[in-house]
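Participant: My questions all concern the structure below.
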Amino acid sequence: MDAVWWSADARRVIFWNLDKRNGSESVLYAWSLVTGKISVLLRPFGDIFYSCSMSADRLMCLRQTGTQPTHVAAINTHSGAIRIVANVNPELNNIRFGKVERIEWEVPSMVPNLYPPRAFGYILFPPDFDTTRKNPVFIAPYSASGFHRGDVGDEHPLFVYAASGIHGVAHNFPVCQSAGDDKRRLGQAPLFAETRLSISLYHDEVDLSRTRSRDGARIHRREARGHRRSQPGVG
């Protein structure tokens, strides 16, 4: 939790916190001081909100979605509805993106509580996707939240690949939940084993999504290099 805000009537506390189901996405919560209950205001599902500030009953944030780079958005703190306040990249409205499909799956666990129970990712379809054709797939395994401009470090233009007939597949690399002492106690072997299992299961999810584009001879996957860059801070 990076920051908290009072609601306009001072009867609730608004805050972002990580979703325990996947350990990667932030959820907007409201804590009622009257009832003592915490409720979900907004579950963004892949959108990133950061640099937020309260204005009356609106939480103003910078936001990224799967097909929209950073823009200014307002979140209604009563309903959770989102309204775009300023689109600083209007020229992107003239670009035709293909469908972006979210997929989720269970993360296998050989060591209890080592990783979150769920993981997620997105399939970027070519704009003229044809189910009768077989297309190559490019897998970017590090980061799936926010605008899909090219995985960590913007190294691969996934939408450009998709426009060229190459399916882009982005998913969040599973983040270990164990504390430092637990990691040292377990050693590295379980961590790498879990990673291999997660990626293997992810490939199964790609098949199950019925893209009918998996070409085993032409899959190019970025190999894990032992690091990941954090997302922009929330709050």
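Rule-based calculations on the coordinates, nothing more; no lab input. Only a predicted model underlies this, so the values are computations on that prediction, with no experimental measurement involved. All Cβ positions, even for glycine, are placed from backbone atoms using ideal geometry, and neighbour counts span all protein chains on display.
Participant: Can you work out ³J(HN,Hα) from phi for every residue in the stretch 141-147, in order, using Karplus 6.51 cos²θ - 1.76 cosθ + 1.60 and θ = phi - 60°, giving whole Hz and x for Gly and Pro?
Facilitator: Couplings: x, 8, 9, 10, 8, x, 5 Hz.
Participant: By the scheme Lys and Arg +1, Asp and Glu -1, what is the net charge of all other residues having a beta-carbon under 12 Å from that of N76?
Facilitator: Computed value for this residue: +1.
Participant: Still on this structure, please answer the following. Once you have a ≥ b ≥ c as the square roots of the Cα gyration tensor eigenvalues for the stretch 45-161, tell me rounded if a/c is under 1.5, and otherwise prolate or oblate according to whether a/b is larger than b/c. Working shown, then result.
Facilitator: Working: a/c = 2.19, a/b = 1.22, b/c = 1.80.
Note, shape of the stretch 45-161 comes out oblate.
Participant: Taking the C-alpha atoms of the stretch 1-85, how large are the radius of gyration and the largest Cα-Cα span, Dmax, in Å?
Facilitator: Just the Cα atoms of the stretch 1-85 yield Rg and Dmax of 12.4, 39 Å.
Participant: Long-range amide H contacts for S143: which residues qualify at under 5 Å (H placed 1.01 Å from N, peptide plane, sequence gap of 5 or more or a different chain)?
Facilitator: Here V152, H171, F173 satisfy the definition.
Participant: Shifting gears a bit: Would you please give the residues with an amide H less than 5 Å from that of E25, counting only those at least 5 places away or on a separate chain, with H modeled from the backbone geometry?
Facilitator: Answer set, sorted by chain and number: D19.
Participant: I need the peptides 55-63, 125-133, 6-14 ranked by packing, meaning the mean over residues of other C-beta atoms within 10 angstrom, with the highest value on top.
Facilitator: 55-63, 6-14, 125-133
Participant: Another one. Applying the Karplus parametrisation 6.51 cos²θ - 1.76 cosθ + 1.60 with θ = phi - 60° to the phi angles of the stretch 54-64, what ³J(HN,Hα) value in whole Hz is obtained for each residue in order, glycine and proline being reported as x?
Facilitator: Each residue of the stretch 54-64 in turn: 7, 9, 6, 9, 10, 9, 8, 9, 7, 9, 10 Hz.
Participant: Continuing with the same structure: Amide H neighbours of L41 under 5 Å, at least 5 residues apart or on other chains, H built in the peptide plane: list them.
Facilitator: For L41, the qualifying residues are L28, Y29, A30.
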